[in-house]
Amino acid sequence: TTRLGNGLSVLRAPSQAWITGMHNLAEVNLCTSMQMVQRAREVGIREVDLWPKAVDTVGYHPSKRSAQMRDRLSGGHPDAPLVLYVGRLSREKDLDQLLEPIRALAPEGVRLAFVGSGPAREELETMFAGTPTVFTGYLAGEDLASAYASADAFAFPSTTETLGLVALESMASEVPVVGARAGGIPFVIEDGVTGFLVEPGDTTGYADRLRRLLLEPGLKQRMGAAARADALTHSWRASTESLVESYELAVERHAGRRPVPKPLRARAHRDLPPPG
(Lines give C-alpha, C1' and ligand atoms only; values in the text may rest on other atoms or scores of the structure.)
Protein backbone atom coordinates (compact mmCIF):
# COMPACT_ATOMS: atom_id res chain seq x y z
CA THR A 1 0.00 0.00 0.00
CA THR A 2 1.07 3.59 -0.55
CA ARG A 3 -1.29 5.07 2.02
CA LEU A 4 0.64 6.37 5.01
CA GLY A 5 -2.13 5.78 7.55
CA ASN A 6 -0.41 6.18 10.91
CA GLY A 7 2.80 7.13 9.17
CA LEU A 8 4.15 3.57 8.85
CA SER A 9 1.72 1.77 6.51
CA VAL A 10 4.04 2.30 3.55
CA LEU A 11 6.58 0.08 5.35
CA ARG A 12 4.17 -2.72 6.18
CA ALA A 13 4.61 -4.85 3.06
CA PRO A 14 8.44 -4.80 2.96
CA SER A 15 8.72 -5.32 6.71
CA GLN A 16 6.33 -8.28 6.54
CA ALA A 17 8.36 -9.77 3.69
CA TRP A 18 11.54 -9.35 5.72
CA ILE A 19 10.00 -10.99 8.80
CA THR A 20 8.66 -13.88 6.71
CA GLY A 21 12.05 -14.35 5.07
CA MET A 22 13.83 -14.44 8.43
CA HIS A 23 11.46 -17.07 9.79
CA ASN A 24 11.89 -19.17 6.66
CA LEU A 25 15.60 -19.49 7.43
CA ALA A 26 14.67 -21.62 10.44
CA GLU A 27 14.18 -25.38 10.37
CA VAL A 28 11.27 -25.10 12.81
CA ASN A 29 9.05 -22.16 13.79
CA LEU A 30 6.93 -22.57 16.92
CA CYS A 31 3.83 -20.59 17.89
CA THR A 32 2.09 -20.85 21.24
CA SER A 33 -1.49 -20.90 19.89
CA MET A 34 -3.21 -22.42 16.87
CA GLN A 35 -4.51 -19.07 15.63
CA MET A 36 -0.93 -17.80 15.52
CA VAL A 37 0.12 -20.96 13.66
CA GLN A 38 -2.61 -20.27 11.12
CA ARG A 39 -1.63 -16.60 10.83
CA ALA A 40 2.04 -17.49 10.29
CA ARG A 41 1.10 -19.87 7.49
CA GLU A 42 -1.14 -17.25 5.90
CA VAL A 43 1.78 -14.82 5.55
CA GLY A 44 3.99 -17.45 3.96
CA ILE A 45 6.03 -18.75 6.89
CA ARG A 46 6.96 -22.39 6.36
CA GLU A 47 7.73 -25.21 8.80
CA VAL A 48 5.33 -23.85 11.42
CA ASP A 49 4.13 -25.96 14.33
CA LEU A 50 2.50 -25.56 17.70
CA TRP A 51 4.39 -25.34 20.98
CA PRO A 52 1.54 -26.60 23.20
CA LYS A 53 0.24 -24.46 25.99
CA ALA A 54 1.15 -25.54 29.51
CA VAL A 55 -0.20 -25.04 33.00
CA ASP A 56 1.14 -25.78 36.47
CA THR A 57 -1.10 -28.72 37.35
CA VAL A 58 0.53 -29.08 40.77
CA GLY A 59 0.27 -25.46 41.87
CA TYR A 60 -3.27 -25.16 40.53
CA HIS A 61 -5.10 -28.09 42.07
CA PRO A 62 -8.58 -28.79 43.48
CA SER A 63 -7.01 -29.52 46.87
CA LYS A 64 -6.37 -25.76 47.22
CA ARG A 65 -10.08 -25.16 47.85
CA SER A 66 -10.50 -23.22 51.07
CA ALA A 67 -13.53 -22.39 53.19
CA GLN A 68 -11.86 -19.15 54.27
CA MET A 69 -11.17 -18.09 50.68
CA ARG A 70 -14.69 -19.02 49.58
CA ASP A 71 -16.09 -16.88 52.38
CA ARG A 72 -13.91 -13.98 51.20
CA LEU A 73 -14.86 -14.35 47.52
CA SER A 74 -18.57 -14.64 48.26
CA GLY A 75 -18.72 -11.67 50.58
CA GLY A 76 -19.61 -13.83 53.57
CA HIS A 77 -22.01 -16.18 51.73
CA PRO A 78 -19.90 -19.34 51.32
CA ASP A 79 -22.89 -21.59 50.57
CA ALA A 80 -23.98 -19.53 47.57
CA PRO A 81 -23.07 -20.59 43.99
CA LEU A 82 -19.91 -18.66 43.11
CA VAL A 83 -18.68 -17.39 39.72
CA LEU A 84 -15.07 -16.21 39.43
CA TYR A 85 -13.06 -14.04 37.06
CA VAL A 86 -9.27 -13.74 37.36
CA GLY A 87 -7.19 -11.31 35.36
CA ARG A 88 -6.58 -7.73 34.42
CA LEU A 89 -9.49 -5.35 35.01
CA SER A 90 -9.47 -3.42 31.75
CA ARG A 91 -11.98 -2.58 29.05
CA GLU A 92 -10.56 -4.97 26.45
CA LYS A 93 -11.46 -7.89 28.74
CA ASP A 94 -15.21 -7.26 28.04
CA LEU A 95 -16.09 -7.65 31.71
CA ASP A 96 -19.18 -5.48 31.29
CA GLN A 97 -20.73 -8.54 29.60
CA LEU A 98 -21.00 -10.17 33.04
CA LEU A 99 -23.28 -7.45 34.41
CA GLU A 100 -26.57 -8.68 32.93
CA PRO A 101 -25.80 -12.34 33.77
CA ILE A 102 -25.15 -11.59 37.44
CA ARG A 103 -28.29 -9.46 37.60
CA ALA A 104 -30.25 -12.34 36.10
CA LEU A 105 -28.71 -14.94 38.40
CA ALA A 106 -28.64 -12.96 41.65
CA PRO A 107 -32.26 -13.88 42.57
CA GLU A 108 -31.13 -17.52 42.45
CA GLY A 109 -28.41 -16.78 45.00
CA VAL A 110 -25.44 -16.67 42.58
CA ARG A 111 -22.51 -14.42 43.47
CA LEU A 112 -19.57 -13.09 41.45
CA ALA A 113 -15.95 -12.33 42.38
CA PHE A 114 -13.35 -10.36 40.41
CA VAL A 115 -9.74 -11.20 41.28
CA GLY A 116 -7.21 -8.79 39.81
CA SER A 117 -6.49 -5.13 39.31
CA GLY A 118 -6.27 -2.72 36.45
CA PRO A 119 -7.35 0.65 35.07
CA ALA A 120 -11.04 -0.26 34.85
CA ARG A 121 -11.46 -1.37 38.45
CA GLU A 122 -13.16 1.83 39.66
CA GLU A 123 -15.43 1.90 36.62
CA LEU A 124 -16.38 -1.74 37.13
CA GLU A 125 -17.05 -1.26 40.84
CA THR A 126 -19.48 1.52 39.95
CA MET A 127 -21.05 -0.56 37.18
CA PHE A 128 -21.58 -3.63 39.41
CA ALA A 129 -22.75 -1.68 42.45
CA GLY A 130 -25.97 -3.19 43.76
CA THR A 131 -25.09 -6.69 42.55
CA PRO A 132 -23.65 -9.51 44.70
CA THR A 133 -20.12 -8.88 43.43
CA VAL A 134 -16.80 -8.80 45.33
CA PHE A 135 -13.56 -7.18 44.12
CA THR A 136 -10.58 -8.71 45.91
CA GLY A 137 -7.77 -6.88 44.14
CA TYR A 138 -4.58 -8.63 43.05
CA LEU A 139 -3.86 -12.12 44.40
CA ALA A 140 -0.84 -14.34 43.78
CA GLY A 141 0.74 -17.61 44.83
CA GLU A 142 -1.23 -19.80 47.21
CA ASP A 143 -3.97 -17.19 47.57
CA LEU A 144 -4.55 -17.19 43.81
CA ALA A 145 -4.55 -21.00 43.61
CA SER A 146 -7.03 -21.09 46.48
CA ALA A 147 -9.27 -18.54 44.76
CA TYR A 148 -9.49 -20.67 41.62
CA ALA A 149 -10.23 -23.88 43.49
CA SER A 150 -12.79 -22.25 45.79
CA ALA A 151 -15.12 -21.16 42.95
CA ASP A 152 -17.85 -23.15 41.21
CA ALA A 153 -17.48 -21.68 37.72
CA PHE A 154 -15.07 -19.40 35.89
CA ALA A 155 -16.44 -16.68 33.58
CA PHE A 156 -14.16 -15.47 30.80
CA PRO A 157 -15.85 -13.10 28.31
CA SER A 158 -12.64 -11.67 26.80
CA THR A 159 -12.42 -11.90 22.99
CA THR A 160 -8.77 -10.82 22.73
CA GLU A 161 -6.98 -13.79 24.33
CA THR A 162 -4.45 -15.86 22.41
CA LEU A 163 -3.53 -18.46 25.03
CA GLY A 164 -6.28 -18.29 27.65
CA LEU A 165 -3.88 -19.27 30.43
CA VAL A 166 -6.27 -18.29 33.23
CA ALA A 167 -8.87 -20.62 31.74
CA LEU A 168 -6.34 -23.46 31.88
CA GLU A 169 -5.47 -22.59 35.48
CA SER A 170 -9.16 -22.76 36.39
CA MET A 171 -9.53 -26.10 34.62
CA ALA A 172 -6.47 -27.45 36.45
CA SER A 173 -8.27 -26.44 39.65
CA GLU A 174 -11.26 -28.59 38.56
CA VAL A 175 -13.43 -25.52 37.92
CA PRO A 176 -15.13 -25.46 34.49
CA VAL A 177 -15.06 -22.32 32.32
CA VAL A 178 -17.74 -20.40 30.47
CA GLY A 179 -15.84 -18.37 27.88
CA ALA A 180 -16.15 -16.46 24.64
CA ARG A 181 -16.06 -18.32 21.35
CA ALA A 182 -13.24 -16.09 20.15
CA GLY A 183 -9.44 -15.86 20.03
CA GLY A 184 -7.65 -18.74 21.71
CA ILE A 185 -10.46 -19.78 24.05
CA PRO A 186 -12.06 -22.35 21.69
CA PHE A 187 -8.66 -24.09 21.63
CA VAL A 188 -8.84 -24.42 25.43
CA ILE A 189 -12.49 -25.29 26.12
CA GLU A 190 -14.29 -28.27 24.63
CA ASP A 191 -17.84 -26.95 24.46
CA GLY A 192 -20.23 -29.01 26.55
CA VAL A 193 -17.44 -31.20 27.96
CA THR A 194 -14.88 -29.12 29.90
CA GLY A 195 -17.01 -25.96 29.92
CA PHE A 196 -19.18 -23.86 27.63
CA LEU A 197 -18.48 -21.47 24.77
CA VAL A 198 -20.69 -18.42 24.23
CA GLU A 199 -20.85 -16.11 21.24
CA PRO A 200 -19.22 -12.73 22.01
CA GLY A 201 -21.74 -10.22 23.28
CA ASP A 202 -24.42 -12.83 24.04
CA THR A 203 -25.10 -11.91 27.66
CA THR A 204 -28.23 -14.09 27.71
CA GLY A 205 -26.06 -16.99 26.61
CA TYR A 206 -23.64 -16.37 29.48
CA ALA A 207 -26.50 -16.31 31.98
CA ASP A 208 -27.97 -19.54 30.57
CA ARG A 209 -24.68 -21.48 30.55
CA LEU A 210 -23.70 -20.29 34.02
CA ARG A 211 -27.15 -21.20 35.35
CA ARG A 212 -26.86 -24.70 33.91
CA LEU A 213 -23.36 -25.17 35.27
CA LEU A 214 -24.17 -23.92 38.75
CA LEU A 215 -27.67 -25.26 39.28
CA GLU A 216 -28.07 -28.42 37.16
CA PRO A 217 -27.41 -31.38 39.49
CA GLY A 218 -24.07 -33.06 38.89
CA LEU A 219 -23.06 -30.98 35.86
CA LYS A 220 -20.44 -28.89 37.64
CA GLN A 221 -18.81 -32.03 39.04
CA ARG A 222 -18.75 -33.85 35.68
CA MET A 223 -17.39 -30.87 33.76
CA GLY A 224 -14.90 -30.06 36.52
CA ALA A 225 -13.49 -33.60 36.42
CA ALA A 226 -13.25 -33.45 32.61
CA ALA A 227 -11.58 -30.04 32.80
CA ARG A 228 -8.97 -31.29 35.27
CA ALA A 229 -8.27 -34.37 33.11
CA ASP A 230 -7.80 -32.17 30.05
CA ALA A 231 -5.50 -29.78 31.92
CA LEU A 232 -3.27 -32.70 32.92
CA THR A 233 -2.49 -33.25 29.23
CA HIS A 234 -1.10 -29.69 29.18
CA SER A 235 1.33 -30.07 32.07
CA TRP A 236 4.76 -28.43 31.92
CA ARG A 237 6.32 -31.86 31.38
CA ALA A 238 4.11 -32.56 28.34
CA SER A 239 4.89 -29.13 26.89
CA THR A 240 8.63 -29.55 27.49
CA GLU A 241 8.64 -32.98 25.86
CA SER A 242 7.00 -31.42 22.80
CA LEU A 243 9.70 -28.74 22.72
CA VAL A 244 12.42 -31.42 22.84
CA GLU A 245 10.78 -33.19 19.89
CA SER A 246 10.75 -29.93 17.94
CA TYR A 247 14.44 -29.41 18.75
CA GLU A 248 15.26 -32.90 17.52
CA LEU A 249 13.30 -32.24 14.32
CA ALA A 250 15.25 -29.03 13.75
CA VAL A 251 18.54 -30.92 14.19
CA GLU A 252 17.41 -33.59 11.72
CA ARG A 253 16.39 -31.02 9.12
CA HIS A 254 19.59 -29.07 9.57
CA ALA A 255 21.63 -32.22 9.08
CA GLY A 256 19.82 -33.13 5.90
CA ARG A 257 17.10 -35.10 7.75
CA ARG A 258 19.60 -37.66 9.01
CA PRO A 259 18.50 -39.30 12.29
CA VAL A 260 19.66 -37.63 15.50
CA PRO A 261 22.20 -39.82 17.40
CA LYS A 262 20.56 -41.73 20.23
CA PRO A 263 22.80 -40.23 22.96
CA LEU A 264 21.51 -36.75 22.05
CA ARG A 265 17.90 -37.89 22.41
CA ALA A 266 18.68 -39.60 25.71
CA ARG A 267 20.41 -36.51 27.13
CA ALA A 268 17.51 -34.28 26.08
CA HIS A 269 14.96 -36.46 27.86
CA ARG A 270 17.10 -36.84 31.01
CA ASP A 271 17.10 -33.06 31.31
CA LEU A 272 13.29 -32.84 31.44
CA PRO A 273 11.74 -31.46 34.67
CA PRO A 274 9.88 -33.86 36.96
CA PRO A 275 6.19 -34.55 36.15
CA GLY A 276 3.85 -31.66 36.93
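The values are calculated or read from the model by the stated rules, or taken from the named source; none is laboratory data. Keep in mind it's a predicted model, so treat the numbers as computed, not measured. Please note: Cβ atoms are built from the backbone with ideal geometry, for glycine as well, and neighbour counts cover all protein chains shown.
Summary of values
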{"item": "Test for Glu142: is it touching a Lys or Arg at 6+ places or on another chain (Cβ under 8 Å), at pLDDT 95 or above and in a loop (DSSP other than H, G, I, E, B)", "result": "no"}
{"item": "Qualifying residue in the stretch 63-73 (condition: surrounded by fewer than 17 Cβ atoms within 10 Å (Cβ to Cβ), charged (D, E, K, R) and more than 29 Å from Asp202 (Cβ to Cβ))", "result": "yes"}
{"item": "Number of positions in the stretch 81-117 that are within 18 Å of the chain's Cα centre (by Cα) and surrounded by fewer than 16 Cβ atoms within 10 Å (Cβ to Cβ)", "result": "2"}
{"item": "Pair list, Cβ < 8 Å and 6+ apart or interchain, from the stretch 166-185 residues that are closer than 22 Å to Ser63 by Cα and in contact (Cβ under 8 Å) with a residue 40 or more places away in the chain to residues that are surrounded by fewer than 24 Cβ atoms within 10 Å (Cβ to Cβ) and of a type in the set (Asp, Glu)", "result": "Glu169/Asp56; Met171/Asp230; Ala172/Asp56; Val175/Asp152"}
{"item": "Breaking point among (1) within 18 Å of Arg72 (Cβ to Cβ); (2) buried (at least 17 other Cβ atoms within 10 Å of the Cβ); (3) of a type outside the set (Gly, Ala, Ser), for Tyr138", "result": "(2)"}
{"item": "Complete set of residues in the stretch 28-41 that are surrounded by 16 or more Cβ atoms within 10 Å (Cβ to Cβ) and over 21 Å from Leu168 (Cβ atoms)", "result": "Val28, Asn29, Ala40"}
{"item": "Close pairs from the stretch 187-200: first outside any loop (DSSP other than H, G, I, E, B), partner modelled with pLDDT of 95 or more and surrounded by fewer than 15 Cβ atoms within 10 Å (Cβ to Cβ), Cβ under 8 Å, at least 6 apart", "result": "Leu197/Asp191"}
{"item": "Contacts under 7 angstrom Cβ, first residue in the stretch 128-155 being free of Cβ contacts under 8 Å to residues at least 12 places away in the same chain, partner part of a strand (DSSP E or B), 6 or more apart", "result": "none"}
{"item": "Close pairs from the stretch 70-99: first closer than 15 Å to Thr136 by Cα, partner surrounded by fewer than 21 Cβ atoms within 10 Å (Cβ to Cβ) and basic (Lys, Arg), Cβ under 8 Å, at least 6 apart", "result": "Leu89/Arg121"}
{"item": "Any hit, the stretch 127-135, residues being under 14 Å from the mean Cα position of the chain (by Cα), on the phi < 0 side of the Ramachandran plot, assigned by TED's automatic domain parsing to the domain that holds Val188 and not in a helix (DSSP H, G or I)", "result": "no"}
